[in-house]
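The structure under discussion appears below in the form of structure tokens.
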Amino acid sequence: MSGRLAQKILEGDEKSAARLISLIEEGEQEGYRELSLLYPHTGKAHVIGVTGPPGAGKSTITGKLAVVLAKEGKKVGVVAIDPTSMQGKGALLGDRLRMKDAESEGIFIRSMANRGYSGGMARATAGAACVLEALGKDTVIVESLGAGQAEKDVFYLCDTTIIVFTPDYGDEIQLLKAGLMEIGDIVIVNKGDLPGTAEAQRELSICASTRIGTDGWTPPVLVTRADKGEGLTQAAKAINDHWSFLGRERRQQKRKEKTRTFVEDLVKEEMWTRFSSAVRGDKECIRITEDAINRKIDPYSAARQIIEKTLLTIKTPTED
Ligand SMILES: Nc1nc2c(ncn2[C@@H]2O[C@H](COP(=O)(O)OP(=O)(O)OP(=O)(O)O)[C@@H](O)[C@H]2O)c(=O)[nH]1
Ligand SMILES: [Mg+2]
């Protein structure tokens, strides 16, 4: 175990932090070894999630909020999961552009690719947040598209989650809205310059007041005009209020539950990875599946036979 990167990160070296995040993103075992050395140094930072539908203004809000919070004296780091980064570097540059104020303030920003796999994203994001904290950040903002379960998993890791909507969301977003409202601690109606803003705020306030799984916190519904930087001081205040509301006890409780879920998810993910690599190309497993296709056996028995056969042969992946 080298620990060289970990050591440099703890000394505040940003290049090493960027390097380690890349290793984690690529799923390299070496990255996880370094991360394990950082983990004991973390757990105190305020992790803030910013989510919502595509184009709602998440990056603009994230960049401007980062600046407001930094001006309050916080040490801010940003992780942005880019929904379109699979198409190349353009989108990452787009994020850069939207967060240029933050970047010029010296705020550490890291864009990560959304590789389209579930679970892996939460794993990489949690890792990146941990690296930023080890680097000395006390406030970490995570931006991600709030669409599928994988994206939602990312927010299991946040202390405060902000949901960004716009006044022009259509009916198709109703379900998404309901799902997102469950995890939101602060709701923002961005693009307050568009018609329908007051109505959207009213409607979302009703949703917020009936939030499921209520912990005594009613999510405030704020209006912003992020491109002009309007409303972000209030948003920062809401973030600070929520942090105070959580206090030590609620925060610990929330993290306890989230860490438990996260560990379970990692077990599921890793089990599945190991299981599928054991099954892949295995002649007997292929034969069992074919028997099910030809109705020689039923699919339930086929699945059981494959599991029983494979469990004995699953190996620990080699470290390098
Ligand atoms: N009219 C208006 N446009 C805004 C406002 N805030 C952001 N925008 C614009 O909306 C567009 C999308 O903003 P982003 O910040 O990239 O939105 P996003 O949610 O991060 O987008 P994705 O990450 O691609 O889902 C950009 O062109 C912004 O300039 C606003 O308050 N009003
Ligand atoms: Mg964005």
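Scan region 246-258 and tell me whether some residue there is surrounded by fewer than 13 Cβ atoms within 10 Å (Cβ to Cβ), of a type in the set (S, T, N, Q), at negative phi and in the same structural domain as Ala66 (by TED's automatic domain parsing).
no
Being under 25 Å from His46 (Cβ atoms) and aromatic (Phe, Trp, Tyr) is true for just one of Phe275, Phe245. Which residue is that?
Working: Phe275 fails: under 25 Å from His46 (Cβ atoms).
Just one listed residue meets the conditions, Phe245.
Out of (1) of a type in the set (A, V, I, L, M, F, W, C); (2) part of a loop (DSSP other than H, G, I, E, B); (3) modelled with pLDDT of 90 or more, the odd one out for Ile141 is which?
Evaluating Ile141 over (1) of a type in the set (A, V, I, L, M, F, W, C); (2) part of a loop (DSSP other than H, G, I, E, B); (3) modelled with pLDDT of 90 or more leaves (2) as the failure.
Evaluate region 263-278: report whether one residue or more is under 30 Å from Thr161 (Cβ atoms), loosely packed, with under 15 Cβ neighbours inside 10 Å and of a type in the set (Ser, Thr, Tyr). If you could, list the steps in order and put the result at the bottom.
Let us first name the residues in region 263-278 that are under 30 Å from Thr161 (Cβ atoms), namely 263-273.
Of the ones still in play, those that are also loosely packed, with under 15 Cβ neighbours inside 10 Å are 263-264, 266-268, 270-273.
Narrowing the set further to residues that are of a type in the set (Ser, Thr, Tyr) leaves 273.
So far as region 263-278 goes, yes, one or more of its residues are under 30 Å from Thr161 (Cβ atoms), loosely packed, with under 15 Cβ neighbours inside 10 Å and of a type in the set (Ser, Thr, Tyr).
This table checks each residue for (1) modelled with pLDDT under 65; (2) within 11 Å of ligand 1 (Cβ to nearest atom); (3) open to solvent by 20 Å² or more (accessible area, probe 1.4 Å); (4) assigned to a helix (DSSP H, G or I).
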site	(1), (2), (3), (4)
Leu93	yes, no, yes, yes
Glu103	no, no, yes, yes
Ser118	yes, no, yes, no
Arg123	no, no, yes, yes
Glu133	no, no, yes, yes
Ile163	no, no, no, no
Leu175	yes, no, yes, yes
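All but one of (1) surrounded by 12 or more Cβ atoms within 10 Å (Cβ to Cβ); (2) not assigned by TED's automatic domain parsing to the domain that holds Ile163 hold for Asp227; state the number of the condition that does not hold.
Unmet for Asp227, out of (1) surrounded by 12 or more Cβ atoms within 10 Å (Cβ to Cβ); (2) not assigned by TED's automatic domain parsing to the domain that holds Ile163: (2).
Quick one: which residue in Gly27, Gly55, Gly49, Gly43 is under 21 Å from Leu69 (Cβ atoms) and either without any contact (Cβ under 8 Å) to a residue 60 or more places away in the chain or part of a loop (DSSP other than H, G, I, E, B) (or both)?
Result of the check over Gly27, Gly55, Gly49, Gly43: Gly43.
Considering only residues of region 67-82 that are more than 15 Å from Cys158 (Cβ to Cβ) and in a helix (DSSP H, G or I), which is most open to solvent (accessible area, probe 1.4 Å)? It would help to see each step written out before you state the result.
Initially, region 67-82 is screened for residues more than 15 Å from Cys158 (Cβ to Cβ), giving 67-68, 70-75, 82.
Subsequent filtering for residues that are in a helix (DSSP H, G or I) retains 67-68, 70-71.
On the way: Val67: 18, Val68: 35, Ala70: 31, Lys71: 147 Å².
Looking at residues that are more than 15 Å from Cys158 (Cβ to Cβ) and in a helix (DSSP H, G or I), I get Lys71.
I need a count of the residues in region 43-66 that are over 13 Å from Leu232 (Cβ atoms) and open to solvent by 30 Å² or more (accessible area, probe 1.4 Å).
The qualifying residues number 4.
Quick test for you: out of Lys58, Lys44, pick the one residue that is within 16 Å of ligand 1 (Cβ to nearest atom) and modelled with pLDDT under 95. Outline the logic, then answer.
On the way: Lys44 fails: within 16 Å of ligand 1 (Cβ to nearest atom).
After ruling out the rest, the residue left standing is Lys58.
Answer with yes or no whether Leu204 is in a strand (DSSP E or B) and within 24 Å of Thr60 (Cβ to Cβ). First the steps, then the outcome.
Working: in a strand (DSSP E or B): no; within 24 Å of Thr60 (Cβ to Cβ): yes.
In short, no.
Please give the number of the condition Leu37 fails out of (1) surrounded by 16 or more Cβ atoms within 10 Å (Cβ to Cβ); (2) modelled with pLDDT under 95.
(2)
Would you check if Ile186 is crowded, with 20+ Cβ neighbours inside 10 Å and either without any contact (Cβ under 8 Å) to a residue 12 or more places away in the chain or in contact with a helix residue (DSSP H, G or I) (Cβ under 7 Å, 6 or more places away or on another chain) (or both)?
Details: crowded, with 20+ Cβ neighbours inside 10 Å: yes; either without any contact (Cβ under 8 Å) to a residue 12 or more places away in the chain or in contact with a helix residue (DSSP H, G or I) (Cβ under 7 Å, 6 or more places away or on another chain) (or both): yes.
Answer is yes for this residue.
The values are calculated or read from the model by the stated rules, or taken from the named source; none is laboratory data. For clarity, every value in this text was computed on a predicted model and none was experimentally measured. Cβ coordinates were reconstructed from backbone atoms using ideal geometry, including for glycine residues, and neighbour counts include every protein chain displayed. Quick note on the areas: whole protein, heavy atoms, side chains included, nothing else; ligands and nucleic acids left out. Shrake-Rupley method; radii C 1.70, N 1.55, O 1.52, S 1.80 Å.
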